[in-house]
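Written below as structure tokens is the structure these notes are about.
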Amino acid sequence: MAEAVSVVTSRLTYPEMLSAFNRRWKEGAFSEEWLSKMIKNFEAEWDKFIIIDFQDEFIASTKGLIRKHSLRGADSVHLSSALWLKPLAKGNMIFIACDNNLLKAAKAERLKVVNPQEE
């Protein structure tokens, strides 16, 4: 029997994905038509994700993660969210990101990591 897979992410992912798509388009990586298609596809999938809102209890965690791993603010929110979720997760949890510094920090925090750009 196949294991159910859930995609869980921080609410912060939404603006970050739109920003990343727009940045790559401005760099000339793809056409405006392709940009519109990617945004449309992402937004169609957004409702399928389980969204973690920023919790007050994340504040201390983000502060520590920023200091310990030299993370950017948004990255500390993503990692803090994953660390909060880890004890609640049933089965295997995989932290997915394309940022090598964030992946290194997640791995140091004993999360299983995957960079889809290297798959």
Ranked list, fewest to most other Cβ atoms within 10 Å of each Cβ, for D75, D56: D56, D75
Relative contact order for the chain, counting Cα pairs under 8 Å that sit 6 or more residues apart, in percent: 22 percent
Net lengthening on full extension, E16/I94 (0.36 nm per residue, minus Cα-Cα): 26.1 nm
Distribution of pairwise C-alpha distances over the chain, 10 Å bins, in %: 12, 39, 35, 13, 1
Label-to-label distance, nm, for residues given as N101 and W84 (7 Å Cα→Cβ offset): 2.3 nm
Residue order, fewest to most beta carbons within 10 Å, for S31, S61: S31, S61
Candidate lysines for bridging to K26, where Cα separation is under 22 Å - those fewer than 8 sequence places away on the same chain excluded: K37, K40
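Read-outs throughout are calculated quantities, based only on the coordinates presented, and are distinct from any laboratory measurement. Here the structure is a predicted model, which means the values were calculated and not measured. For neighbour counting, all protein chains shown are included, and Cβ atoms are generated from backbone atoms with ideal geometry for every residue, glycine included.
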